[in-house]
1. Keeping all protein chains in place, calculate the accessible area per residue for the stretch 1-63 (probe 1.4 angstrom), answer in Å².
2. What percent do you get for the relative contact order of the stretch 187-245 when only Cα pairs under 8 Å and 6+ apart count?
3. Could you tell me how many degrees, from 0 to 90 and to the nearest 10, lie between the Cα long axis of helix 86-104 and the main elongation axis, the longest principal axis, of the Cα atoms of the chain?
4. How many percent of Cα pairs in the chain exceed 24 Å?
5. Compute the relative contact order of the chain as a whole-number percentage, counting only Cα pairs closer than 8 Å that sit 6 or more residues apart in sequence.
6. Calculate the spin-label point distance for ARG276 paired with ALA243, positioning each point 7 Å from the Cα along the beta-carbon direction, and give it in nanometres.
7. What angle do you read, to the nearest 10 degrees and between 0 and 90, between the alpha-carbon axis of helix 267-278 and the longest principal axis of the chain?
8. For the pair SER250 and ARG32, what calculated FRET efficiency results from E = 1/(1 + (r/R0)^6), where r is the Cβ-Cβ distance and R0 = 51 Å, to the nearest 0.05?
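The values are calculated or read from the model by the stated rules, or taken from the named source; none is laboratory data. All values derive from a computational prediction rather than experimental measurement. Don't worry about glycine lacking a Cβ; one is built from the backbone with ideal geometry, like all the others, and counts go over all protein chains shown. Each accessible area value is taken on the protein alone, full model and side chains, heavy atoms only, with ligands, DNA and RNA left out. Shrake-Rupley method; radii C 1.70, N 1.55, O 1.52, S 1.80 Å.
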Amino acid sequence: VQALVAMLMFFFLLHILQTDTAERSELDRDLRAAVRERQFVLHYQPQLNGANRVIGAEVLIRWLHPQRGLLAPGEFIDHAEHTGLIIPIGHWVLEQTAEQLHQWQDEPLYRDIDLAVNISQKQFSQNSFVAEIAGLIERHRIDAQRLELELTETLIVHDMEDLTRKMTALVERGVRFSLDDFGTGFSSLSHLKRLPLSKLKIDRSFICDVLSDANSEAIVRSVIALGQSMGMTVIAEGVETEAQRHFLASNGCNQFQGYLLGRPMPLADFRAFVQRHNG
Ligand code: C2E
Ligand code: MG
Ligand code: MG
Ligand code: MG
């Protein structure tokens, strides 16, 4: 009986492995086609200040899959990162964003809207990264101040020297950096103070239970105080209720992003959103 059970287990595991590989290779094939055929769209999630004005948006990629419909980054970004496909994808995101910023320069209502782009570890660690961003700013003739690059703490743990050098070079050109998902990684405060960051983004996981969990509340208060004392803007991500926003605002949080204010939306909807709030 034991031998039989062992054999069944073996075939069961083999089956799982095969389906997994098949699914992955299907994803791989589809994603390569998607890169070739540019099956991506960008959505914009509004970021508001304390006076309820739109000051910017986070640019979030979606994949318009020919069979499966609109896919969120959770379905493909990890795979893109592992295979290196994130390089052409990230390049496309940056080009689109720069083009958008360029178009808005002639429109008074949108001229002051900043766009924040998520930069992956692989993208940032390319030797050509600084040149790519510098070239982008020049070719699209955009105001570098409007472009914000979101990095995560995983990057900090990686290579402080390379990180500082690249960030400094881009900050000198006017680009701004924010630290995304702050609080979920392992960056030490001594590293944090050496980096030219303009903004801390408090991770959604702390915001969602800030009113029900004393530890989350303490963390959120501390992060706001920390950011402020280091001269950074603090933004909360994942704000879903008025009570959360109220708590954050009364504790000095500068900016808000989340479903309460607006979901990630297509460009046309974002324009209408800005018109409603800032028009
Ligand atoms: P992120 O950078 O932390 O982006 C915020 C995510 O939280 C977005 O998910 C957004 O839709 C979601 N979100 C915002 N407000 C709320 C809220 O109030 N409640 C809830 N439940 N969720 C909220 P999304 O668009 O699925 O993106 C997931 C992640 O994929 C992003 O996390 C980012 O790490 C990555 N990503 C998105 N676009 C790009 C890209 O162009 N390049 C790279 N490298 N990564 C990207
Ligand atoms: Mg982000
Ligand atoms: Mg985030
Ligand atoms: Mg997050």
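1. Spelled out: the 1.4 Å probe surface of the stretch 1-63, per residue, equals 64 Å².
2. With pairs under 8 Å counted, the relative contact order is 44 percent.
3. With rounding to tens, the tilt is 30 degrees.
4. On the way: 21593 of 38781 pairs.
The proportion of pairs with Cα distances above 24 Å equals 56 percent.
5. In percent, rounded to a whole number, it is 18.
6. Using points 7 Å along Cα→Cβ, the separation is 2.4 nm.
7. So the helix axis and the longest Cα principal axis differ by about 30 degrees.
8. Numbers: r = 49 Å, r/R0 = 0.97.
Once rounded, the FRET efficiency stands at 0.55.
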